[in-house]
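S.K.: This is the structure I want to talk about, given as structure tokens.
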Amino acid sequence: MLDPSPPALEPQLYERVDALRRDVADLFAVSDTTLDFPAKDHIRFRGQFLRDPVDCFDELRRRFERHGYTPMTDHEADGRVALVALPVVFAQHRPRWIINLILLLLTVASTLYVGASYGLEPMTQLSDIWRGWPFALSILLILGAHEMGHYFAARRHNVPVTLPFFLPMPWSYFGTLGAFIQLRGPVSNRRALFDVGAAGPLAGLVFAVPVLLYGLATSDLVTSVPGTTFEGNSLLYLLAKLAVFQRVLPGNGVDVLLNQVAWAGWVGLFVTGLNLLPVGQLDGGHVAYALFGERSRRFLWPVIFGLALIVLLSWLQGAPALTWGLWIFLLLTFGRVHARPLEDITPLDPRRRALALFTLALFFLCFVPLPLVAVVR
């Protein structure tokens, strides 16, 4: 018995495929074409680039977009390149800045409230909220620089992107849950992915470090009191205190009482350390994928194991770091998905490779193993 014949395809589809092949013939030599693969309405061309992908992919993408498609590449086992036409075009839409502005204003109020409530003189009436301006200004400067670093890097590489969304949270230590931008389309290649991922933490640290040093220089040393909350040391924070006070703190029953500016600087380092975890859609995950490709997925379980070990050891010491329990859950839920660039063939250039290693090393400098735990002695 003969197999039934496949359904007839629209002549217009063959014409579109042929027009697309002819349009990119000087950039990509096609050896075979498969329709509806790897998904319905997708088109897979297999062959070889005729020019270096990093030099011609943007032009290739423009030509695909003329036909209503976006190209994505991958390596085949036989050494050929799979060039897949995705039936979608990602465009930069006009930003709807009203929501961003409302969230920013709410976050200003939220951080003012937390700053005014911070320290030895708690806020007693709403008119006292203005006293929180040193913290609010400092933390919003750090977070704003972080997100605008992402934003401008994305725009530079023609990636559709939203303006930053700030998240207010007045009933917290920080006054905010942070901020984020949303990429409305994929990045072109690993170099663009690295630039977008690394620009945020690097720009944020440019402001966080001076803010922290100034805040420490204007803060006082006090006697440590058991039962109070210790913010937690990262290597960079420890070095900053050593540079300002010429001693390791806390030590010998003495620690620094952070003022509003210093607290904002510490928060800036802490948030940077979180974002540089080399997994998933975090900034560190973008940098790791840009540097190592699919091998970066191997970082997930070592990170989970490391955080679980911190929780266990801190619990045995009587001051459990419960923050990492929540992060283990979040990473297990969302940390398996990476942002994959459209052109996933070209590796990072030597300059970006060195900067990527430096950026990942910053994780170890900014990471706080035991954040916001009680002083037990």
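S.K.: For region 127-182 and region 207-274, what is the separation of their Cα centres, given in Å?
M.R.: Each part's Cα centre sits 22 Å from the other's.
S.K.: Assuming R0 = 22 Å, can you tell me the calculated FRET efficiency for the pair K40 and A91, based on Cβ-Cβ distance, to the nearest 0.05? Write down the numbers at each step before the final one.
M.R.: Details: r = 22 Å, r/R0 = 1.02.
Result of the calculation: an efficiency of 0.45.
S.K.: Give the Rg (one decimal place) followed by the Dmax (whole number) of the chain, computed from C-alpha coordinates and expressed in Å.
M.R.: Computed over the Cα atoms of the chain, radius of gyration and Dmax are 25.2, 90 Å.
S.K.: Also, I was wondering about something else. Return the long-range amide H neighbours of L276 (sequence gap of 5 or more, or a different chain), with a cut-off of under 5 Å between placed amide H atoms.
M.R.: Under 5 Å from the amide H of L276: G284.
S.K.: Arrange D195, D344 by Cβ neighbour counts within 10 Å, fewest through most, would you? Walk me through the numbers on the way to the answer.
M.R.: On the way: D195 24, D344 18.
Arranged by neighbour count, lowest to highest, D195, D344 become D344, D195.
S.K.: Let me ask something additional. Please work out the C-alpha center-to-center distance from region 76-97 to region 349-376 and express it in whole Å.
M.R.: Here the answer is 32 Å between Cα centres.
S.K.: Helix 11-23: angle to the longest alpha-carbon principal axis of the chain, degrees 0 to 90, nearest 10?
M.R.: Helix 11-23 sits roughly 70 degrees off the main axis of the chain.
S.K.: Roughly what angle does helix 283-292 make with the longest principal axis of the chain, taking Cα atoms, 0 to 90 degrees, to the nearest 10?
M.R.: Long axis of 283-292 versus the principal axis of the chain: about 50 degrees.
S.K.: Let me ask something else about it. Please report R156, R131 as a ranked list, fewest other C-beta atoms within 10 angstrom at the top and most at the bottom. Please list the in-between numbers first.
M.R.: On the way: R156 12, R131 17.
With the sparsest Cβ surroundings first, the list reads R156, R131.
S.K.: Against the longest alpha carbon principal axis of the chain, how many degrees, from 0 to 90 and to the nearest 10, is the axis of helix 300-316 turned?
M.R.: Long axis of 300-316 versus the principal axis of the chain: about 20 degrees.
S.K.: Another question, then. Restricting to the chain, compute how many DSSP beta bridges are antiparallel as a %, nearest 5.
M.R.: Details: 30 of 31 bridges.
Close to 95 percent.
Each value in this text was obtained by applying a stated rule to the coordinates, not by laboratory testing. Everything numeric in this text was worked out from a predicted model, so none of it was measured. Backbone-built Cβ (ideal geometry, glycine too); neighbour counts: all protein chains shown.
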